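Asks: Take a look at the following structure, please.
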Amino acid sequence: MPEPQIRKILTVVEEIRHEGGPPPSVPLRRAAVLAVIANPFAGRYEPEIAGFMDDLKPLGLMMAERLIAALGGDPKAVQGYGKGAIVGQAGELEHGALWHVPGGYAMREALGGAAAIVPSAKKVAGPGARLDVPMTHINASYVRSHFDAMEVGVPDAPRADEIVLALVMSTGGRIHARVGGLKAEEIIGKDGLR
Amino acid sequence: MSAEIRKLAVFVEETRREMGREIDPPTRKAAAVAVIANPFAGRYVEDLEPLMAIGEELCGLLGRKCVEALGIRPSEAESYGKAAMVGENGELEHAAAILHPRLGKPLREAVEKGAALVPSSKKRGGPGQPLDIPLGHKDAAYVRSHFDAMEVRICDAPRADEIMVAVAVTDSGRPLPRVGGLQAHEIEGRDGLR
């Protein structure tokens with residue numbers, strides 16, 4: 001399989017200073033990188049697709065590195081992550097599932113390790129569709145302050161024979177988190193859950 | 001009065017392929033958006049001077065954020081535009097006060113020169129609504145290859161008592177321009193038009 005054909009890359013960085021409550025000394029930052037690529041399997045049922053996961057790894061790494069750069073350049077500042085895919089209408093949901101391995105691998109690699117499963121969302125949709133990409137703490141899925149999501153989308157993508165691949169990262173939990181649960185400073189960090 | 005900023009978002013879009021053709025170097029557009037409190041939400045206020053001051057203050061910040069996100073020197077910026085979306089408890093005139101009287105000068109400083117008028121759009125709307133920022137060449141409004149727009153949206157803005165203020169800057173025109181008209185290399189650059 002040839003390397004993924006990229007039409008467009010969109011980077012989004014949000015700096016959140018408050019949401020009606022006391023502003024923290026350091027604003028929360030969240031970022032997303034979206035790559036619009038050609039779907040090599042569009043328009044037909046292809047039984048063997050798993051090989052494309054390896055082809056996506058370099059793209060995933062490039063996206064993860066761009067994300068870290070967009071958040072200031074320090075991998076240690078990253079606390080939350082997530083991933084997602086929007087498959088154009090000539091493709092199938094399973095094509096979006098190809099992103100699970102390379103997307104997760106890329107962020108762990110770029111962050112120098114992360115224990116928690118990377119939460120994800122995917123769907124088949126048309127240009128301008130929005131995807132709520134779930135986000136959780138990178139080392140412990142149960143950290144309640146870091147349950148979040150970032151809405152992303154590209155106005156002219158995915159076209160029918162394209163896939164939008166998304167990675168998201170944040171520098172912290174919700175801006176005024178206060179509903180209890182496991183705290184980031186209480187993480188044991190062995191099983192990726194707590 | 002200084003703007004009370006709740007959130008800042010920066011978008012960078014890089015187009016590498018269009019209709020199967022490689023775009024080398026890729027065309028790039030950036031937009032910076034500030035979500036601010038509308039000090040006049042819910043009431044009629046005759047004197048909008050405080051919003052004009054906010055426009056002046058924000059525009060330099062947003063223009064610089066765009067240039068920084070593109071990683072270019074200010075002189076390398078090619079086109080620009082501005083837009084505002086007022087939340088439902090505000091009036092269109094609030095957007096006009098921010099965008100028109102004083103926003104131009106600091107933006108022109110951020111992109112160096114800028115003889116052409118800054119194209120603009122405004123509307124009233126709610127959270128998640130798209131805002132299309134018109135784009136035109138910064139030194140000659142008639143350069144046809146640079147007529148464009150960039151869509152931005154933020155899922156939780158503008159709330160009823162907020163205003164979304166957006167500036168877009170590019171380092172290029174459309175990906176495959178071929179509808180003729182004045183070319184960028186033909187600019188005289190005296191009147192801001194040609």
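The values are calculated or read from the model by the stated rules, or taken from the named source; none is laboratory data. Treat the numbers as computed from the prediction; the structure is a model and nothing was measured. Using ideal geometry, Cβ is built from the backbone for each residue, glycine included, and neighbour counts are taken over all protein chains shown. Surface areas here come from the heavy atoms of the whole protein model, side chains and all, with no ligands, DNA or RNA. Shrake-Rupley method; radii C 1.70, N 1.55, O 1.52, S 1.80 Å.
Asks: Among residues other than A:L28 whose Cβ falls under 9 Å from its Cβ, what is the net charge (Lys/Arg +1, Asp/Glu -1)?
Replies: +2
Asks: Under a Cβ-only charge scheme (Lys and Arg +1, Asp and Glu -1), can you give me the dipole magnitude of segment A:1-111 about the Cα centre, in debye to the nearest 20?
Replies: So the dipole magnitude of segment A:1-111 works out to roughly 380 debye.
Asks: Continuing with this model, one more query. What accessible surface, in Å², does a 1.4 Å probe find on A:F41, ignoring ligands, DNA and RNA and rounding to the nearest 10?
Replies: 10
Asks: Okay, moving on. When all C-alpha to C-alpha distances in segment A:71-194 are sorted into bins of 10 Å, what percent of pairs does each bin hold, rounded to whole numbers?
Replies: With a bin width of 10 Å, the distribution comes to 14, 41, 30, 13, 1.
Asks: Using helices alone, what [θ] at 222 nm do you get for the protein assembly as shown, with -39,500 (n - 2.57) per DSSP H run of 4 or more residues, divided over all residues and rounded to the nearest 500?
Replies: That comes out to -6000 deg cm²/dmol.
Asks: Can you sort A:I6, A:I37 by solvent-accessible area, 1.4 Å probe, largest first?
Replies: On the way: A:I6 25, A:I37 0 Å².
Result of the area sort, largest leading: A:I6, A:I37.
Asks: For segment B:47-155, calculate the relative contact order in percent as a whole number, restricting contacts to Cα pairs under 8 Å that are 6 or more residues apart.
Replies: Relative contact order comes out at 31 percent.
Asks: Past 31 Å, Cα to Cα, is the threshold; run B:K7/B:K138; A:K8/B:K7; A:K190/B:K29; A:K57/B:K82; A:K8/A:K190 against it and keep the listed order.
Replies: The answer is A:K190/B:K29; A:K57/B:K82; A:K8/A:K190.
Asks: Per 0.36 nm of contour for each residue apart, how much would the distance between A:K57 and A:R130 grow if the chain were fully extended, relative to their Cα-Cα spacing? All intermediate terms of the calculation are to be shown ahead of the outcome.
Replies: On the way: separation 73, 0.36 × 73 = 26.28 nm, distance 2.40 nm.
Between A:K57 and A:R130, full extension yields 23.9 nm more.
Asks: According to the Cα gyration tensor, what semi-axes, each the square root of 5 times an eigenvalue, does the equivalent ellipsoid of segment A:26-123 have, listed from largest to smallest in whole Å?
Replies: Listed largest to smallest, the semi-axes of segment A:26-123 are 27, 13, 11 Å.
Asks: About its Cα centre, what dipole magnitude does segment A:78-185 give when the only charges are +1 on Lys and Arg Cβ and -1 on Asp and Glu Cβ, stated in debye to the nearest 20?
Replies: Values: 10 positive and 10 negative charges, 92 e Å.
For this selection, approximately 440 debye.
Asks: Between A:R44, A:R30, A:R144, find the one with the highest GNM mean-square fluctuation for chain A; connect C-alpha pairs within less than 10 Å.
Replies: Maximum fluctuation in the GNM of chain A, among the listed residues, is at A:R44.
Asks: If one computes the Cα centroid of segment A:71-111 and of segment B:29-62, what distance in Å separates the two points?
Replies: Going from one Cα centre to the other spans 36 Å.
Asks: Follow-up question, since we're still on this one. Given the Cα-Cα distance of B:R21 and B:E186 and 0.36 nm per residue of separation, how much length would full extension add, in nm?
Replies: Net length gain for the segment: 56.8 nm.
Asks: Give the separation of the Cα centroids, segment B:132-185 to segment B:2-21, in Å.
Replies: 11
Asks: Based on the alpha-carbon gyration tensor of segment A:117-184 and its eigenvalue square roots a ≥ b ≥ c, which shape applies: rounded if a/c is under 1.5, prolate if not and a/b is larger than b/c, or oblate? Present the calculation step by step, with values, prior to reporting the outcome.
Replies: Values: a/c = 3.42, a/b = 2.57, b/c = 1.33.
Verdict is prolate for segment A:117-184.
Asks: Also, I was wondering about something else. To the nearest 10 degrees, how steep is helix A:52-70 against the longest Cα principal axis of chain A, on a 0 to 90 scale?
Replies: The answer is roughly 40 degrees.
Asks: When 1/r is averaged over all different Cα pairs and the result inverted, which Kirkwood radius in Å belongs to chain B?
Replies: Across chain B, the inverse of the average 1/r is 16.8 Å.
Asks: Name the residue from A:V164, A:M107, A:I138 whose Cα lies farthest towards the positive end of the charge dipole of segment A:85-191, charges +1 on Cβ of Lys and Arg and -1 on Cβ of Asp and Glu.
Replies: With unit charges placed on the Cβ atoms, the residue in question is A:I138.
Asks: Right, here's the next one. Evaluate the Kirkwood expression for the hydrodynamic radius of segment B:132-189, namely the inverse of the mean inverse distance over all pairs of different C-alpha atoms, and round to one decimal in Å. Intermediate results must be reported in sequence, preceding the final value.
Replies: Working: mean 1/r = 0.0754 Å⁻¹.
Its Kirkwood hydrodynamic radius stands at 13.3 Å.
Asks: Hey, what did chain B get for relative contact order, percent, Cα under 8 Å, at least 6 apart?
Replies: Reported as a whole number, the value is 28 percent.
Asks: For the protein assembly as shown, with every protein chain kept in place, what is the accessible area per residue (1.4 Å probe, Å²)? Before the final figure, lay out each step's value.
Replies: Details: 16710 Å² over 388 residues.
It amounts to 43 Å² per residue over the protein assembly as shown.
Asks: I'd like the accessible area for B:E78, computed on protein heavy atoms only with a 1.4 Å probe and all protein chains in place. Round to 10 Å², please.
Replies: Its accessible surface works out to 60 Å², give or take rounding.
Asks: In nm, give the distance between the simple-model label positions of B:R178 and A:E151, each being 7 Å from the Cα along the Cα-to-Cβ direction.
Replies: In this crude label model, B:R178 to A:E151 measures out at 3.8 nm.
Asks: Now, a different point. Helix by helix through chain B, keep the DSSP H runs that span 30 Å or more along the axis on Cα and average at least 0.5 on Kyte-Doolittle, and give those back in order.
Replies: Once both thresholds are applied, what remains is B:49-70.
Asks: A further question follows. Rounded, prolate or oblate, given the Cα gyration tensor of segment B:17-69, with a/c below 1.5 counting as rounded?
Replies: Judged from the Cα gyration tensor, segment B:17-69 comes out prolate (a/c at least 1.5, a/b above b/c).
Asks: State whether the protein assembly as shown is rounded, prolate or oblate according to the following rule on the C-alpha gyration tensor (a ≥ b ≥ c being the square roots of its eigenvalues): a/c under 1.5 gives rounded; otherwise a/b larger than b/c gives prolate, and the remaining case gives oblate.
Replies: oblate
Asks: I want to check the label-to-label distance for B:K123 and A:E186. Put each point 7 Å from Cα in the C-beta direction and report it in nm to one decimal.
Replies: If labels sit at B:K123 and A:E186, their model points lie 4.5 nm apart.
Asks: If the cut-off is a Cα-Cα distance under 20 Å, which lysines reach A:K183, setting aside same-chain residues fewer than 8 apart in sequence?
Replies: A:K76
Asks: A follow-up question, please. With a 10 Å cut-off between alpha carbons and a GNM built on chain A, which of A:G84, A:G21, A:G60 moves the most?
Replies: Judging by the Gaussian network model, the answer is A:G21.
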